[in-house]
Amino acid sequence: TGLQWAVDNNADIASLSLGASTNKSTLREAIHNARSAGTIPIVAVGNVENGNSLFPGNVYDSVSVGATNNNGEIADPSGGETIVTKNEWSDPPDYWPASYVVPDLSAPGANVYSAKPGGNYDKKDGTSMATPHVSGAIALMLSNGDGNLTPTETETILKQTAVDLGEDADRQGAGRIDVYNATMQHSRETLSPNITPDRVNVSVKQNLTVDVNHPISTYYWTFPNGSTVTTANATVRHAF
């Protein structure tokens, strides 16, 4: 299967813009195995409106994704529900909770430019369009930090930094993803930036140097007066 290929090739992310009304144990097991192996499965919750969800977006091991519209609200067709495990699944794993909410997160899913059969492109709506936004967010997080994140650690950062849209959890999950803040949180936690000196004399130009434990190609500096500077190396000269 595609999931097995992703695991065999050490993929960090498996993006699944798909859904079915019938639960299949083989795919459920594949999602569990992928997550256990370190490949995080990002899955569309389905365009089935509130109170419903599609398989495998309703699998507890999936990171289920709902869709927002152009107004920054949850799109009407976006699915979501509270799943009572024993009612939904005949043989749930022991580690699954008695109930859980889908989606886990939401992302933009309106007028998204995407490929279509025949080699052309078009604008599409729905949770299948929102799911790749979450996958892309994770790619940015991982490429701007040091060290590996487990699927659970990745999901936790996305949820901690998500924007609360003021809707119920079974509509928005933790909220709409905030790619910038998720990336910055992971970067700050892993790059261990250290700026020296930590004190300077006002109005005296001073070299400021930042040290991080990760390769950096470009440095973006923002100062209290609103000025910004871009440098190719880790030092900038500035008077506060």
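If you go through the range 178-204 one residue at a time, how many are modelled with pLDDT of 95 or more, touching a strand residue (DSSP E or B) at 6+ places or on another chain (Cβ under 6 Å) and within 17 Å of Arg237 (Cβ to Cβ)?
1
Do you know which residues across the range 163-183 are buried (at least 16 other Cβ atoms within 10 Å of the Cβ) and free of Cβ contacts under 8 Å to residues at least 24 places away in the same chain?
Within the range 163-183, just Asp178 meets the criteria.
Being within 27 Å of Gln160 (Cβ to Cβ) and either open to solvent by 10 Å² or more (accessible area, probe 1.4 Å) or of a type in the set (A, V, I, L, M) (or both) narrows it down to one of Val48, Val43, so name that one.
Val43
Conditions (1) farther than 21 Å from Arg171 by Cα; (2) within 17 Å of the chain's Cα centre (by Cα); (3) assigned to a helix (DSSP H, G or I), marked per residue:
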| site | (1), (2), (3) |
| --- | --- |
| Ala14 | yes, yes, no |
| Asn47 | no, no, no |
| Gly57 | no, yes, no |
| Pro77 | no, no, no |
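Of all the residues that make up the range 79-101, how many are open to solvent by 30 Å² or more (accessible area, probe 1.4 Å) and either among the charged types (D, E, K, R) or within 18 Å of Asp168 (Cα to Cα) (or both)?
9
If you take the residues of the range 124-150 that are touching a Gly at 6+ places or on another chain (Cβ under 7 Å) and open to solvent by less than 40 Å² (accessible area, probe 1.4 Å), which of them is farthest from Val212 (Cα to Cα)?
Across the range 124-150, the extreme among qualifying residues is Gly126.
Would it be correct to say that Asn58 is touching a residue at least 40 places away in the same chain (Cβ under 8 Å) and among the polar types (S, T, N, Q)?
Yes.
If the requirement is being over 20 Å from the mean Cα position of the chain (by Cα) and either closer than 23 Å to Thr161 by Cα or open to solvent by 30 Å² or more (accessible area, probe 1.4 Å) (or both), which of these qualifies: Asp8, Asp104, Asp61?
Answer to the selection: Asp8.
The values are calculated or read from the model by the stated rules, or taken from the named source; none is laboratory data. The structure presented is a predicted model; accordingly, all values stated were derived computationally and were not measured. Don't worry about glycine lacking a Cβ; one is built from the backbone with ideal geometry, like all the others, and counts go over all protein chains shown. Quick note on the areas: whole protein, heavy atoms, side chains included, nothing else; ligands and nucleic acids left out. Shrake-Rupley method; radii C 1.70, N 1.55, O 1.52, S 1.80 Å.
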